[in-house]
Amino acid sequence: MARYRPYGWRTSGPWTFALDANMPDSPIRRRTRVTHPINNVATSMKTWLTNAALLSLATCTPLVAAPPLPAEHLTATTLSPGNPHWIYVLDEAFNNEIDARVHLFDGDTYRRLGQIDAGFNPGFNLSPDGKTSVVGTTYFARGSHGTRTDVVEFTDNTTLGVAHEIVLPAKRAMTLPTYFNIAYSQDSHFLYVAYVTPAASFGVLDPAKNTVLDEIDTAGCVLVIPSGPNRVSSICESGRLLTVTLDAQGHESGRAISAAFFDPDKDPVFVQGVPTSDGFAFLSFLGEVHEVDFSGTQPAFRKPWSLLAPADQAQSWRPGGVQVGAVQRKMGRLFVPMHRGGEGSHKQGGTEIWVFDMKTHQRLARWPLAPHQLADVLAIQVSQDDAPILFAATDKSDVAVFDARSGQLRHVEKRLGQTPWLLLNP
Amino acid sequence: MRSLDRLFEHSSRSLARHTSRRSMLATLGKLLTGAALFPLLPVDRSSRAEAAEGGGPAAAPKTPTRTAGAKATVEGKKASDDPMSCEYWKYCAIDGFLCSCCGGSANSCPPGTAPSPITWIGTCHNPVDQRDYIVSYNDCCGKTSCGNCECNRNEREKPMYRPSRNNDLNWCMANADSNYHCSVSVILGVAEK
């Protein structure tokens, strides 16, 4: 039993005192009087205790009068129906990479709503209806080591509980998160998973039947860009796209390779695409925008355009980061984190967010981040509703929330994970 | 003149009294040996190399370098010569944790980890000898990420569709234990122009 020692009281000498008189060495048992060390006036213990009790009673009276707190019930929180301002933030947890996770964050209330565990070096995506999250990840039998298990885990987004899983061959591409590490077919019938061993291929999965249907060799082309109900495109070393068409059973029924749509030697494109109204836009290291229409049986390439005016080029402005752009489809606006850099700066985050009109290709605004004390922006996402908000994840792990129409900063969520590198919303 | 003669005679005799021919030869020998050895001493010559380049640090392109390992840089040593600094010349295309800060070195994995047999490569310029070198960046595998001295430089690095030049892939992928711990840089040879 711990003794009660009021602040400032000595533990030995004439002030020695303990409230528990039953303790063997209690001064109450040993002595009935204590002596004040200053004026040496003897005070009876009974008087002292009476005064202390009265004082205690006086100070505690309001508490005694208040009704007691009711008994509580332990519950598990359920999610309310989602809204377009919810965002899934993939934290790669680079400093302890076996512990990646996805945070669900509310861009209106600025509250964390829950978490999906994501294992090691995961791929992450949402189903077309937004009801399911898929995490393609790897677990080791002994935490950081041991037998490797590659698996896709399907999370019910209304509960954030894992609903089911599909075990993969140990071939999953372990790389930075993009839209194309794991992706659904347009009708959700198939799920595609990129493999790299380093030989490149992809797995075709049936989420309804919990099975791996096939593995398709992609001849060195990487990642899975889904289109339509049964097509998968992969980016090739030559700057071309390989498009594989599947039959109803998920097996290859045909393949075609496109003309090169960028020059990987002179100006490579980021593998992270930006979803557009009919496909994806791929930004190049030097600021070219390559829009690819995936709505047809084969990808169609629009004429590239540049984010940079000559003056911007002279100042070496360029896009960079991990998730290098976002399009608000109703507004027809493209948001890009931009920085001033050079050779090798393509992973450097943006010091400004530039806003472009997707039709005219004109720059509409520049939003510098320094006035908000924001670090370089590595990932960007925008909501698709009528009052859109823009999310920007920084090199310091903060996630900023902007009004996507005005650029007004609404909130900065500090330290939303360790390394938030992918932002997805339904 | 006589006084001058006496002065030189006195100093010569004094010198002869206090020194021997052997000590004179020994001192001379030390001086000659020191001069011969001077070019072999580990003197930092990179500043001269940079001057010869006509550039220097100000002319270097801005790279997304994180200098988390800068604390480990030995005081007075140039960062480009220090394997514990992200600025070390061999790290020009590295993206990960420096094994030199994790119990290993610039070209050896920390204890208990295994090097990846497959890798990506970069071409880095050594400012000391003015040569370009092909450098292999192997990952060290089997433990969770070291978390120390993160270094993110990407000179001539290419996206994943050029895998041999890509540092985003986990190159531990083919190891028995494919967990990523840290990265090393190993010179493969001089790059041919």
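No value in this document is a laboratory result; all are computed from the given coordinates. Because the structure is predicted, anything quoted here is derived from the model rather than measured. Cβ coordinates were reconstructed from backbone atoms using ideal geometry, including for glycine residues, and neighbour counts include every protein chain displayed.
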Over 21 Å (Cα to Cα) - which of A:K131/A:K209; A:K303/A:K359; A:K266/A:K396; A:K171/B:K143; A:K396/B:K143; A:K266/B:K158 fall in this group: A:K266/A:K396; A:K396/B:K143
Report, in whole Å, the centroid distance computed from the Cα atoms of the stretch A:316-370 and the stretch A:374-426. 13
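For the stretch A:303-426, compute Rg over Rh where Rg is the Cα radius of gyration and Rh is the Kirkwood radius from the inverse mean 1/r over Cα pairs. Intermediate results must be reported in sequence, preceding the final value.
On the way: Rg = 13.6 Å, Rh = 14.4 Å.
Reported Rg/Rh (Cα atoms, Kirkwood Rh): 0.94.
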If every Lys and Arg gets +1 and every Asp and Glu gets -1 at its Cβ, then about the Cα centre the stretch A:204-319 yields a dipole, in debye to the nearest 20, of 220
Reduced Cα scattering model of the stretch B:87-193, Debye log10 I(q)/I(0), q = 0.11, 0.18, 0.22, 0.23 Å⁻¹: -0.29, -0.79, -1.15, -1.24
Considering just Cα atoms, how many Å³ per residue does the convex hull of the stretch A:75-222 enclose? 130
Using 1/(1 + (r/R0)^6) with R0 = 22 angstrom and r between the beta carbons of A:H372 and A:R405, what's the FRET efficiency to the nearest 0.05? 0.80
So, in nm, how far is label A:V151 from label A:D293 when the simple model puts each one 7 Å beyond its Cα toward the Cβ? 4.4
Rounded, prolate or oblate: which fits the stretch A:229-279 when a ≥ b ≥ c are the square roots of the eigenvalues of the alpha-carbon gyration tensor, with rounded for a/c under 1.5 and prolate only if a/b beats b/c? oblate
Could I have the simple spin-label model distance between B:S105 and B:D132, label points 7 Å from Cα toward Cβ, reported in nm to one decimal? 2.8
Could you derive backbone 3J(HN,Hα) for the stretch A:73-79 from the dihedral phi with the Karplus parameters 6.51, -1.76 and 1.60 (θ = phi - 60°), listing whole Hz in sequence and x where the residue is Gly or Pro? 10, 7, 9, 10, 5, 9, 7
Whole-Å distance, taken between Cα centres, linking the stretch A:96-175 and the stretch B:154-193: 25
Here the stretch A:173-178 yields Karplus 3J(HN,Hα) values (6.51, -1.76, 1.60; θ = phi - 60°; whole Hz; Gly and Pro given as x) of 5, 9, 7, 4, x, 9
Cut-off under 5 Å, modelled amide H: who pairs with A:Q115 long-range: A:L104
Using r as the Cβ-Cβ distance of A:A141 and B:S164, and R0 as 25 Å, what FRET efficiency do you calculate, to the nearest 0.05? 0.20
Taking R0 as 35 Å and r as the Cβ-Cβ distance between A:K330 and A:K396, the FRET efficiency 1/(1 + (r/R0)^6), rounded to the nearest 0.05, comes to 0.65
Alpha-carbon Rg with Dmax, taken over the stretch A:191-335, Å: 16.4, 55
Cβ density ranking, 10 Å radius, fewest first, applied to B:Y180, A:Y179 yields A:Y179, B:Y180
Using the Karplus curve 6.51 cos²θ - 1.76 cosθ + 1.60 with θ = phi - 60°, what ³J(HN,Hα) values do you get for each residue of the stretch B:107-113, in whole Hz, with x for Gly and Pro? 10, 9, 7, x, x, x, 10
Interchain or sequence-distant (5+) residues whose placed amide H lies within less than 5 Å of the amide H of A:R101 are A:D91, A:A93, A:A118
What does the average come to when, for each residue of peptide A:338-347, you count the partner chain Cβ atoms lying within 10 Å of its Cβ? 6
Only Cα pairs under 8 Å and at least 6 apart count here; give the relative contact order of the stretch A:311-351 as a rounded whole percent. 45
